[in-house]
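The values are calculated or read from the model by the stated rules, or taken from the named source; none is laboratory data. Note that the structure is predicted; figures quoted are calculated from it, not measured. Here the Cβ is made from the backbone with ideal geometry for all residues, glycine too, and neighbour counts use every protein chain on show.
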Amino acid sequence: MATEGVPTDIERTLPDGAVEVIPVSTKTKKKFVRRIEPDRSQRVRRAVQIAFAVLNVVICAQFYVWARFYENGGASRHVPRPAGVDGWLPIAGLMNLKFTLSTGLIPKIHPAAFFLIALFLGVSLLLKKAFCSWLCPIGLLSEYLWKAGRKVLGRNLELPRWLDVALRGVKYVLLSFFLFIVGGMSAAALADFMAQPYGIIADVKMLNFFRHMSTTSMAIVGVLVLGSVVIKNFWCRYVCPYGALMGLVSLISPVKIRRDAQACIDCGKCSKACPQQLPVDKLVQVRSAECTACMECVASCDTESALQFALPPRVAEAREARWAGRALRPIVVAATIAALFFGVVGYAKLTHHWQTVVSDSVYMELVPHAEEESHPGF
């Protein structure tokens with residue numbers, strides 16, 4: 001409702017159906033064209049996250065039942081080993097990736113770890129760091145934790161820039177350590193490591209870590225959970241070396257969050273919405289390795305074509321011409337992820353390179369004594 005004596009904004013409908021709002025206020029110089037279609041990026045992203053999380057829960061539950069069969073000497077129910085559990089072995093994936101790049105051969109132990117890390121790197125190459133915000137179950141948990149913290153505490157803690165930058169370097173230091181170790185191993189050494197008892201049952205040792213956590217481990221996990229409640233994406237932002245690797249690969253992705261300076265009205269909503277605290281409203285394109293392509297900044301923007309996850313725009317005067325066929329709708333992002341996932345996993349299964357080649361007798365001998373196996377380097 002207009003107030004007498006106060007100038008009101010003028011609205012008119014453009015040929016493409018968009019509503020153009022022309023501010024009368026002398027303080028605002030740019031024209032505001034309201035977005036036509038409602039944003040569905042977060043609804044689509046959440047559906048993909050939950051679907052992938054459910055898949056991981058099913059895999060973990062099946063793996064637990066599988067492990068119990070061998071721990072009980074065959075007295076409990078037997079189910080096939082779910083190869084997807086290899087996705088929880090990022091170091092094995094990195095080692096197998098190095099082995100395949102060096103030899104051209106697919107590893108026989110934990111081959112799914114190779115295919116999954118290749119898949120996630122492919123997602124990062126095509127869709128920025130979308131693995132972290134669209135697929136990773138830990139990323140989903142982290143997101144729920146900081147949002148719960150904001151709801152309970154009223155806000156999330158933002159560290160001083162100098163401390164934030166220093167802590168962000170931790171994940172790259174950890175990644176450098178793993179890359180240095182794996183990079184220094186020959187293909188023969190990698191194959192030998194994976195064929196040893198420790199390499200074969202690395203998945204069982206991971207399971208036992210969570211089943212039989214020490215006091216120290218529980219304290220560390222507790223600190224990480226508390227940090228994730230207070231600070232947005234604490235684990236992902238400061239500690240996760242896997243995310244650091246995806247971020248580095250994402251730097252060469254052709255698709256980025258892009259801001260149309262001509263359409264943008266400089267409201268700053270996008271920067272406030274960004275979980276990674278990036279100055280989106282000051283950038284033409286977000287190149288940062290910290291950007292996870294969560295599209296929360298895009299969801300916060302009410303201006304037509306001002307902000308989107310897109311390929312480089314065309315050189316054109318008209319807004320519609322600049323972005324025609326360049327922006328990726330959320331459903332396209334989800335479809336691309338699904339195509340990559342089913343394509344890679346389907347290829348691995350069809351070529352019989354998905355399952356670890358280990359006999360039941362070996363598992364029957366090793367699984368019950370998994371805790372007795374130590375790292376070959378110690």
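Tabulated data
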| item | result |
| --- | --- |
| Single condition residue 115 does not satisfy, out of (1) touching a Pro at 6+ places or on another chain (Cβ under 9 Å); (2) surrounded by 23 or more Cβ atoms within 10 Å (Cβ to Cβ); (3) more than 27 Å from residue 42 (Cβ to Cβ) | (1) |
| Within the stretch 275-289, considering residues that are part of a loop (DSSP other than H, G, I, E, B) and touching a strand residue (DSSP E or B) at 6+ places or on another chain (Cβ under 8 Å), the one farthest from residue 233 (Cα to Cα) | 284 |
| Unmet requirement for residue 322, which otherwise passes all of (1) surrounded by 14 or more Cβ atoms within 10 Å (Cβ to Cβ); (2) of a type in the set (Lys, Arg); (3) not in a helix (DSSP H, G or I) | (3) |
| Test: residue in the stretch 71-86 that is in contact (Cβ under 8 Å) with a residue 40 or more places away in the chain, part of a helix (DSSP H, G or I) and more than 27 Å from the chain's Cα centre (by Cα) | yes |
| Out of 304, 290, 373, 296, sole residue that is among the charged types (D, E, K, R), crowded, with 16+ Cβ neighbours inside 10 Å, in contact with a helix residue (DSSP H, G or I) (Cβ under 6 Å, 6 or more places away or on another chain) and farther than 30 Å from residue 193 by Cβ | 296 |
| Filtered residues of the stretch 281-295 (kept if in contact (Cβ under 8 Å) with a residue 60 or more places away in the chain and either of a type in the set (Asp, Glu) or on the phi > 0 side of the Ramachandran plot (or both)) | 290, 293, 295 |
| Filtered residues of the stretch 136-171 (kept if hydroxyl-bearing (Ser, Thr, Tyr) and free of Cβ contacts under 8 Å to residues at least 12 places away in the same chain) | 144 |
| Residue match in the stretch 231-254 (condition: within 24 Å of residue 126 (Cα to Cα) and loosely packed, with under 13 Cβ neighbours inside 10 Å) | yes |
| Meets criteria (more than 30 Å from residue 254 (Cβ to Cβ) and at pLDDT 95 or above) for residue 111 | no |
| Residue count for the stretch 337-364, restricted to those that are outside any helix (DSSP H, G or I) and more than 20 Å from residue 79 (Cβ to Cβ) | 2 |
| Lone unmet requirement of (1) modelled with pLDDT of 50 or more; (2) under 27 Å from residue 308 (Cα atoms) for residue 62 | (2) |
| Residues located in the stretch 123-156, provided they are under 28 Å from residue 251 (Cβ atoms) and either touching a Phe, Trp or Tyr at 6+ places or on another chain (Cβ under 6 Å) or assigned to a loop (DSSP other than H, G, I, E, B) (or both) | 123, 124, 128, 131, 135, 136, 142, 156 |
| Test: residue 317 is modelled with pLDDT under 95, assigned to a helix (DSSP H, G or I) and acidic (Asp, Glu) | no |
| Residue count for the stretch 33-70, restricted to those that are over 20 Å from the mean Cα position of the chain (by Cα) and either surrounded by 19 or more Cβ atoms within 10 Å (Cβ to Cβ) or assigned to a helix (DSSP H, G or I) (or both) | 11 |
